[in-house]
Structure formats: C-alpha cells, structure tokens
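Data first, discussion second: the structure below is written as structure tokens.
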Amino acid sequence: MRQKKEQEAKGILAIAQAEAEGTRLQVNAFGDGKTYASVKWAENLGPNVKVWGIPTGTPGTTSLMDINGIVKGAFTGAAIASDSK
C-alpha cells in the first residue's frame, strides 16, 4: 500500500515538474512574464468577450475613454508590474 502511494506521489510530482517546465518555456518564448501573463489573461476571457480599442490620444494623456486605465493596466501589463512591487 505504501509503495503504491509513493509511486502515485512520484507521478504527481513528475506531472507538476513537466507543467512548470512547459510554463517556463512559454514565458521565455514571450520574452518576459508580463507579456505571458497578459496573453494568458486574454485567453481566459472566454469566447463571448469582445475587447475594443479606443484611441486615447498621445501617450501620457488622460481620456474619458481610457479602457486600459479602467482595467488598471491589464492590457499593457502595468497592473502586473505594479502588483509585483
């Protein structure tokens, strides 16, 4: 019984290590963790969510239509950067 449980635990550990390595390779492929997180966030929105881009003027200006500001920088990764500080 104990050997069976140990083998199951080894199998679970091997799967977790393989998934972690896969995630590490994906992060490297995107260039950084911010881009990877933004892509994963967008993938998890679901098929019925529509994201619209609205021009807000020159960089650094504020607009009533600043969608990225409304979602606290989720589109540019600013939310991720500020959360990690």
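Derivation of every value follows stated rules applied to the coordinates shown; laboratory data play no part. Small disclaimer: the values here were computed from a predicted structure and weren't measured. Heads up, the Cβs are rebuilt from the backbone with ideal geometry, glycines too, and the neighbour counts pull from every protein chain shown.
3J(HN,Hα) along segment 2-14: 5, 4, 5, 5, 5, 5, 4, 5, 4, x, 4, 5, 4 Hz, from the Karplus curve 6.51 cos²θ - 1.76 cosθ + 1.60 with θ = phi - 60°, whole Hz, x for Gly and Pro. Modelled this way, with points 7 Å down the Cα-to-C-beta line, the labels at A14 and F30 are 2.9 nm from one another.
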